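The values are calculated or read from the model by the stated rules, or taken from the named source; none is laboratory data. Computed from a predicted model, the values in this text were never measured in an experiment. Because the Cβ atoms are built from the backbone with ideal geometry, glycine has one as well, and the counts that use them run over all protein chains shown.
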């Protein structure tokens, strides 16, 4: 080390520096090599190997038990081959499909695949428990020899809530709200004083799931919180509760502004329903503090109409039927027939979305066919979502939003007709919808579209070449998907 640091000009190695066993080697090197640097490197190499050869292995006895015998059957050779192919293309949805099907069939992987899946379990937290489960008894045994694998044991619900990351805690609350909303509220109430303001805001967000008037009392108590951000989040949630004071204030203003009356028809024959929309006036200032804007953003819309539009969109649409004694279709008809009321029809769509009223949303969509409601993809059933998506995918101004919402909320495989429309759009916008898009949605794409892939190629040569490469990639993924489904259905 000294010679290497100082240089061979200032300090040279001597035969006496080495053990007797290396004396002959030292002499041979110095005789055959005149260059001092080469001499140094050769001697250092010989000394290094000499030292390695003299090292004795650690003598440590290992005590361990054998792995228990597998109770479940191994996957077929074809299934294992497909697993390797899926790992090679690095497609998470296909890996998730493979593991789910393996678990559903109550099968396990062969021993040589166990460490592979345990390593993948470290990467893919979403399917970690499934990946570990299909390693069987051998996986349980092997985890004991690797601290990383042992550290990745799934947390219990209580551990997730107490020690999990913020995102894990939010996911836990979201799932609990879907089954036991009251219990989720009680858990957060118990932990409330121990959390900082930023965490409180984040932990409140899952309360949009199954929110109801049962949450109102606690949420209204949060309006006295020291943090303005906590107050704002509480207001946002209260605006989704029909029985909250905020929503009731909105409704009082609406009732005082909108009148629906029965009047005699022309020449006193029959009856007609008449809509009268007055001025909002000077409502309680708290309404504006809750997020209702005072000034219209469009020149041809009065401030009063703008305020009223926001208020209609912020109350349950069922209140109109209950108050005016009309069904949803009659309410929409009377607004649609009024020159002034027509502009408020889409506000009922916003209200239906805010209060998750699918029936009202259907009625509004039927009445105002050109108005686009992205949230319809979340509220409506699968067959209606497909029809709604087909209606807007061909329209440039809404196609991107329609496809993004379809991707987010649609569960299951697309129909052939819907897939054709999606591919017509995405093939023309390949810089926005790259391979990553098809990778993410491969489980939604039906294999039946394979014979038609070439028909979606754009006319431009450079775009056509891009689509050809995308089609080849799609063919590979769809083939793996079909083969995987078949391998586990035997």
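Okay, here's what the table says:
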| read-out | value |
| --- | --- |
| Answer from 34, 23, 88 - the residue that is over 30 Å from residue 480 (Cβ atoms), at pLDDT 85 or above and either assigned to a helix (DSSP H, G or I) or outside the structural domain of residue 136 (by TED's automatic domain parsing) (or both) | 23 |
| Boolean, residue 451 is assigned to a loop (DSSP other than H, G, I, E, B) and either touching a helix residue (DSSP H, G or I) at 6+ places or on another chain (Cβ under 9 Å) or more than 30 Å from residue 374 (Cα to Cα) (or both) | no |
| Sole residue being modelled with pLDDT of 95 or more and within 23 Å of the chain's Cα centre (by Cα), chosen from 202, 167 | 202 |
| Residue among 398, 417, 465 that alone is surrounded by 15 or more Cβ atoms within 10 Å (Cβ to Cβ) and either in a helix (DSSP H, G or I) or modelled with pLDDT of 90 or more (or both) | 398 |
| Residue list for the range 157-177, filter: part of a loop (DSSP other than H, G, I, E, B), loosely packed, with under 15 Cβ neighbours inside 10 Å and either in contact with a helix residue (DSSP H, G or I) (Cβ under 8 Å, 6 or more places away or on another chain) or not assigned by TED's automatic domain parsing to the domain that holds residue 205 (or both) | none |
| Matching residues, the range 304-350, being farther than 22 Å from residue 370 by Cβ, within 33 Å of the chain's Cα centre (by Cα) and surrounded by 18 or more Cβ atoms within 10 Å (Cβ to Cβ) | 311, 314, 315, 316 |
| Residue in the range 352-360 that is part of a loop (DSSP other than H, G, I, E, B) and in contact (Cβ under 8 Å) with a residue 60 or more places away in the chain present | yes |
| Some residue of the range 296-303 being surrounded by 14 or more Cβ atoms within 10 Å (Cβ to Cβ), in contact with a helix residue (DSSP H, G or I) (Cβ under 9 Å, 6 or more places away or on another chain) and not in a loop (DSSP other than H, G, I, E, B) | no |
| Residue within the range 267-282 that is loosely packed, with under 12 Cβ neighbours inside 10 Å, free of Cβ contacts under 8 Å to residues at least 60 places away in the same chain and closer than 16 Å to residue 343 by Cα present | yes |
| Output for the range 87-103, where each listed residue is in contact with a helix residue (DSSP H, G or I) (Cβ under 9 Å, 6 or more places away or on another chain) and exposed (fewer than 10 other Cβ atoms within 10 Å of the Cβ) | 90 |
| Selection count, the range 211-235, where residues are buried (at least 18 other Cβ atoms within 10 Å of the Cβ) and either in a helix (DSSP H, G or I) or touching a residue at least 60 places away in the same chain (Cβ under 8 Å) (or both) | 8 |
| Filtered residue count, the range 310-330, keeping only those that are within 19 Å of residue 274 (Cα to Cα) and without any contact (Cβ under 8 Å) to a residue 40 or more places away in the chain | 7 |
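Yes/no matrix, rows are residues, columns are (1) surrounded by 15 or more Cβ atoms within 10 Å (Cβ to Cβ); (2) in contact (Cβ under 8 Å) with a residue 60 or more places away in the chain; (3) over 48 Å from the mean Cα position of the chain (by Cα):
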residue: 33; (1), (2), (3): yes, no, yes
residue: 39; (1), (2), (3): yes, no, yes
residue: 43; (1), (2), (3): yes, no, yes
residue: 49; (1), (2), (3): no, no, yes
residue: 58; (1), (2), (3): no, no, yes
residue: 64; (1), (2), (3): no, yes, no
residue: 67; (1), (2), (3): yes, yes, no
residue: 74; (1), (2), (3): yes, no, no
residue: 85; (1), (2), (3): yes, yes, no
